[in-house]
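A.B. asks: The structure is given below, and queries will be raised subsequently.
Coordinate-derived values only; no laboratory data. What you see is a predicted model, and the numbers here were worked out from it, not measured in a lab. Quick reminder, even Gly has a Cβ in these numbers, built from the backbone with ideal geometry, and neighbours come from all protein chains shown.
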Amino acid sequence: MTDRPRETGRDLLKVENLRVGFGDPRAQTTVVKGVSFDLAPGKCLAIVGESGSGKSVTARTLVGLTGGRSHVQADRLEFDGRDLRHLSDRQWRSIRGKDVGFILQDALVSLDQLRRVGKEIDEALRLHKWGDARRRRERVIELLELVGVPEPEVRARQRPYELSGGLRQRALIASALALDPKLVIADEPTTALDVTVQAQVLDQLEEIKRRGSAIILISHDLAVVSRLADTVAVMHDGEFLEYAPSRELFSRPQHDYTRALIAAIPSAQSRGARLSPTERRHKLGSITPHERSDTPVLQADGLVKRFRGPDGVHRTVVDGVSFSLAQGETLGIVGESGSGKTTTARLALALAAPDGGWVRLAGQPWTGIPERARRDRRRQIAVVYQDPLTSFDPRWSVQQVLLDSLSGTSYSPSQRQTRVGELLGLVGLEDEHRLRRPLQLSGGQRQRVAIARALGPEPRVIVCDEPVSALDVSIQAQVLDLLADLQSELGVSYLFISHDLGVIHHVSDRVLVMSEGKVVEHGSSDDVLLRPTHPYTQKLVASLPALERPSTPERPPIPQASPSIGVAVG
Amino acid sequence: MSAISQHPSGLAPVSTLAVPTWVRRLRPGVILATLVIAFFVLAVIVPSLLATNNPLSINLSATLQAPSWSHIFGTDASGRDLYSRVIYGARQSLLIGLGATGIAVGIAIVLGFASGLAGGIVDGVINRFVEVLFAFPVLLLALLFVAVFGPSAKTEIIAVGLGTAPGYTRMIRGQVLAVKDSGYVESARALGHSYRRIVRRHIFPNAMRPLVVIVTLGVGQSIVWASGLAFLGLGVPPPAPEWGALLDAGRDFVTQASWLEIMPGVAIVVFALSLTTVGRYIQQRLEGGITR
């Protein structure tokens, strides 16, 4: 562990050597292995780490919500001068909500769907016997106003599903703030949100900080953290690898893992560079790269798609989208949820029929022809989804999935077996993964299998629909690197869909920005994302929290063979 | 989490070398359930091997005797050995249970897949038909059948089969719809597979998956239904020792000789429970030990 930052003033929270384990004492799994930190009022501590690092458990310890089978030990666990180590359930309840507010990731899950939003906030007040009914009602409106919810009187009477994602998350923040807690714990508060909404929520959290509450922010997103945190702890495998003031950590990261984590973030600067410290090692085998050709591999003109909603009203989800994708090129489509990106992908794949416009694949008509005529040519265009698990038949092993993708090719049965091995090698998996079921693989490995399946029929185009959105940043880096390698080796084209501007900028040669079904801006990715002209793109780019990168202009040298890195991102 | 637990105290672990993995993975409950099923299957095939008495021989000097070593389930009002009657009744009851479930599932697969895959008008028509069937209580349907065809095992099988078919149909239709919308079906379409291949390789097996457990449950349920019919005197005519008929016969003596109700009842419950346990185990094994 590195030096501890010295805080001035009285600490609100003091944690020393915190250890949390799960399971029965004999076969305990230790999830948090002795972390120490402190926090002063009005300051924000961010705990950064990937899934399974123990960051959420650490935060939950502070509200006594680690669960029944957990064992919490600490040399010191003090909040506002009070020892938290041996509290009863009842004592914890008096702290939760009143002294410590807790904001969870997904407001749609953590808010009661059948309860009006106002009632939800009122509940927090009522539980702690705050004021009378009339005063509480006023306070609810006041709180909603405080977190920037427009028309608070109306919203208070609505139920969570009637609100947009951003409003819901703000309602959740309002209920966490109801009793003016001294400490607010925010566990991935913006993870499920669009970038513009994320910006609003971050503004709210900043406001909380300004009013003197301390914040513990749990996040995997370094950019979000760099905007809000005063101190950052990088957590890995239950330990703080690095614990330093924010500015220091981002400008001079000490630990290799921190450096790899920062280097793994895709952005404008990372274009053309590798994001992960892994090296490419494989043979192409019997696969031959596509030859260059001048005809666009995929071309769309004036695509329109309408859906009939449950209320009987027709909505235009995709409205006049045109694009053209050349051999070996990556075209990025970026936009917020509901902008029509995925529908555009389905139209490009001819999995949905357009209500207007057309698509051509390798110069030949692709829409407006019967499925029978398309079937043989489907091998030229493949798809990789966000959630690979649902795209595999749950009964099938990896081998079955890959063999299935080879059906219809000219390979003989024995050649197909060889080819499965080649495909696994191509995406960096081993032969031992053949007989596993996707359920038994990690998220990154699953996405590799999905990519291998897409490569099976040797397509010219792969449509990638949010292929890395569900992955941790270091795994995301590996998958993005893999896609880049495959493109340079095989000359495959990508139609790459993402909500993440950094990812889009990293991978794309050209970018389409979509909003409400329309393409609002298109051009080279630098033009669109560095010099946006359309107000929507400008708003999108401005909402993105910028990460202060290490001051050295070139990327930090990453020791290739360092074992700690291997463990960290492997 | 690792499945291997540590050995408490100083007990030396028994050598596992001789025991194959699949045996070690069996759970005691599953073993017990399998034994129970094997016992009843034996009772179906060669009841004379397990029975202690002739199920039909009347002994008026030993009527309504409580369970004892000579009559482990006791005797009925005619002095017949109840245990032997339960053993001999297994054939009828199992036949009814399997037959009725078979008919129900058969109908359900045809209707469920037709309605789920075709959609539109076909779906609408089948749905209305199923709803009409649903509106008829199984008992009423059975009454109708018995009234028309007379009480017999065959009538009972058809009546219970028809009565329980709508439930299975609904379930299969729902499964088909869910699987049809799944990511892997879309992936298969994107790979260019034909509709027939997708139905055969993805939709059919995945939609049928939950059926394994439901069917084992259903066999037990059908036996219970048939017993219910027999209890009302609408089942297999006496003196055949069908389980439901045994329950029916014991009804008049429930206060003096409760074992006449309890023993056949326990047989039905234990058998149905064992089927379910084994069914669930099979399903878990089919899915690679992972329940989803």
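A.B. asks: Relative contact order for region A:327-389: what is it in percent, counting Cα pairs under 8 Å that are at least 6 residues apart?
C.D. replies: Values: 27 pairs, mean separation 11.9, N = 63.
Contact order relative to length: 19 percent.
A.B. asks: Can you put B:Met208, B:Met263 in order of Cβ neighbours within 10 angstrom, beginning with the fewest? If you can, show how the numbers build up before the last one.
C.D. replies: Working: B:Met208 18, B:Met263 22.
The fewest-first ordering by Cβ neighbours comes to B:Met208, B:Met263.
A.B. asks: Restricting to Cα pairs below 8 Å that are 6+ residues apart, what does the relative contact order work out to for chain B? Please round to a whole percent.
C.D. replies: On the way: 399 pairs, mean separation 63.0, N = 292.
Rounded, it is 22 percent for chain B.
A.B. asks: Work out, in µm²/s and without decimals, the Stokes-Einstein translational diffusion coefficient of region A:145-206 at 10 °C, 1.306 mPa s, Rh from Kirkwood over C-alpha pairs. Before the final figure, lay out each step's value.
C.D. replies: On the way: Rh = 12.1 Å.
Estimated diffusion coefficient is 131 µm²/s.
A.B. asks: I've got another one for you. Tell me, what ³J(HN,Hα) does each residue in region B:70-78 have, in order and in whole Hz, if you take phi through Karplus 6.51 cos²θ - 1.76 cosθ + 1.60 with θ = phi - 60° and put x for Gly and Pro?
C.D. replies: Couplings: 7, 10, 5, 9, x, 10, 9, 4, 9 Hz.
A.B. asks: Another question, if that's okay. Give me a comma-separated list of calculated 3J(HN,Hα) values for region A:508-522, in order, Karplus coefficients 6.51, -1.76, 1.60 applied at θ = phi - 60°, integers in Hz, x for any Gly or Pro.
C.D. replies: For region A:508-522, the Karplus curve yields 8, 7, 10, 10, 10, 9, 10, 8, 6, x, 10, 7, 8, 7, 8 Hz.
A.B. asks: Just rank B:Leu64, B:Leu140, B:Leu133, fewest to most, by other beta-carbon atoms within 10 angstrom. The partial results should precede the final answer.
C.D. replies: Values: B:Leu64 15, B:Leu140 12, B:Leu133 19.
By the 10 Å Cβ count, ascending, the order reads B:Leu140, B:Leu64, B:Leu133.
A.B. asks: Still on this structure, I have one more. State the extension gain, in nm to one decimal, for the chain segment bounded by A:Ala268 and A:Arg395, taking 0.36 nm per residue of separation less the distance between their alpha-carbons.
C.D. replies: Numbers: separation 127, 0.36 × 127 = 45.72 nm, distance 4.09 nm.
Result for the pair: 41.6 nm of gain on full extension.
A.B. asks: Run through the DSSP bridge list for chain A and note the antiparallel percent, rounded to the nearest 5. Don't jump to the answer; show the numbers that get you there.
C.D. replies: Working: 46 of 83 bridges.
Counting DSSP beta bridges with both partners in chain A, the antiparallel share is about 55 percent.
A.B. asks: Calculate one ³J(HN,Hα) per residue across region A:85-97 by plugging θ = phi - 60° into the Karplus curve 6.51 cos²θ - 1.76 cosθ + 1.60, and present them in order as whole Hz with x for glycine and proline.
C.D. replies: 6, 10, 7, 7, 4, 5, 5, 4, 4, 6, 8, 4, x
A.B. asks: Still on this structure, I have one more. Under 5 Å between amide hydrogens, which residues at least 5 positions from A:Val384 or on another chain qualify, with H placed 1.01 Å from N in the peptide plane?
C.D. replies: Result for A:Val384 returns A:Val463, A:Cys464, A:Asp465.
A.B. asks: Now for a different question. If contacts are Cα pairs under 8 angstrom and at least 6 residues apart, what is the relative contact order of region B:129-270 in percent?
C.D. replies: Normalised by residue count, the contact order of region B:129-270 is 21 percent.
A.B. asks: At q = 0.16 Å⁻¹, what base-10 log of I(q)/I(0) does the Debye formula yield for region A:415-509 when every alpha carbon is treated as an equal point scatterer in vacuo?
C.D. replies: With one equal scatterer per Cα and no solvent, log10 I(q)/I(0) is -0.66.
A.B. asks: Taking amide H atoms as placed 1.01 Å from N in the peptide plane, list the residues 5 or more away in sequence, or in a different chain, whose amide H sits under 5 Å from that of A:Val184.
C.D. replies: It is A:Gly101, A:Ala214, A:Ile215, A:Ile216, by chain and number.
A.B. asks: Same structure, new question: Per DSSP H run of at least 4 residues, take -39500 (n - 2.57); add these up for the protein assembly as shown, divide by its residues and hand me the 222 nm value, nearest 500 deg cm²/dmol.
C.D. replies: Value at 222 nm, helices only, nearest 500: -14000 deg cm²/dmol.
A.B. asks: Enter the mean number of other protein chain beta carbons within 10 Å of the beta carbon of each residue in A:384-393, as an integer. Working shown, then result.
C.D. replies: Numbers: counts 1, 5, 1, 1, 2, 2, 5, 8, 4, 11.
That average works out to 4.
A.B. asks: Right, another one. One quarter of the convex hull surface, Cα atoms only: what value does that give for region B:53-112 in nm²? All intermediate terms of the calculation are to be shown ahead of the outcome.
C.D. replies: Numbers: hull surface 19.8 nm².
If you wrap the Cα atoms of region B:53-112 in a convex hull and average its projections, you get 5.0 nm².
A.B. asks: So what's the Cα pair-distance distribution over region A:465-512, bin width 5 Å, in %?
C.D. replies: Pairs per bin, as whole percents: 5, 20, 33, 28, 12, 2.
A.B. asks: Could you name the aspartates and glutamates whose alpha carbon sits less than 18 Å from that of B:Lys154, not counting residues in the same chain fewer than 8 places away?
C.D. replies: Here the aspartates and glutamates satisfying the reach criterion relative to B:Lys154 are B:Glu242.
A.B. asks: In whole Å, what are the Cα extents of region A:211-353 along the three principal axes, biggest one first?
C.D. replies: Result, largest extent first: 53, 53, 25 Å.
A.B. asks: Return the subset of A:Lys518/A:Lys539; A:Lys14/A:Lys98; A:Lys129/A:Lys182; A:Lys33/A:Lys129; A:Lys518/B:Lys180; A:Lys14/A:Lys209 for which the Cα-Cα distance in this structure is over 26 Å, preserving the input order. Present the calculation step by step, with values, prior to reporting the outcome.
C.D. replies: Numbers: A:Lys518/A:Lys539 16 Å; A:Lys14/A:Lys98 19 Å; A:Lys129/A:Lys182 18 Å; A:Lys33/A:Lys129 38 Å; A:Lys518/B:Lys180 30 Å; A:Lys14/A:Lys209 18 Å.
With Cα atoms farther than 26 Å apart: A:Lys33/A:Lys129; A:Lys518/B:Lys180.
A.B. asks: Over the Cα atoms of chain A, how large are the radius of gyration and the largest Cα-Cα distance (Dmax), in Å?
C.D. replies: 25.5, 79
A.B. asks: Once amide H atoms are placed 1.01 Å from N in the peptide plane, what residues at a sequence separation of 5 or more from A:Arg436, or on another chain, have their amide H within under 5 Å of its amide H?
C.D. replies: Here A:Val398, A:Gln399 satisfy the definition.
A.B. asks: Okay, next question. Please pull out the direction-averaged projected area of region A:316-366, using the convex hull of its alpha-carbon atoms, in nm² to one decimal place. Before the final figure, lay out each step's value.
C.D. replies: Working: hull surface 15.2 nm².
Average projection, Cα convex hull of region A:316-366: 3.8 nm².
A.B. asks: Comparing B:Gly265, B:Gly119, B:Gly244, which has the greatest mean-square fluctuation in the GNM of chain B with Cα pairs linked when under 10 Å apart?
C.D. replies: In this elastic network of chain B, the residue with the biggest mean-square fluctuation among B:Gly265, B:Gly119, B:Gly244 is B:Gly119.
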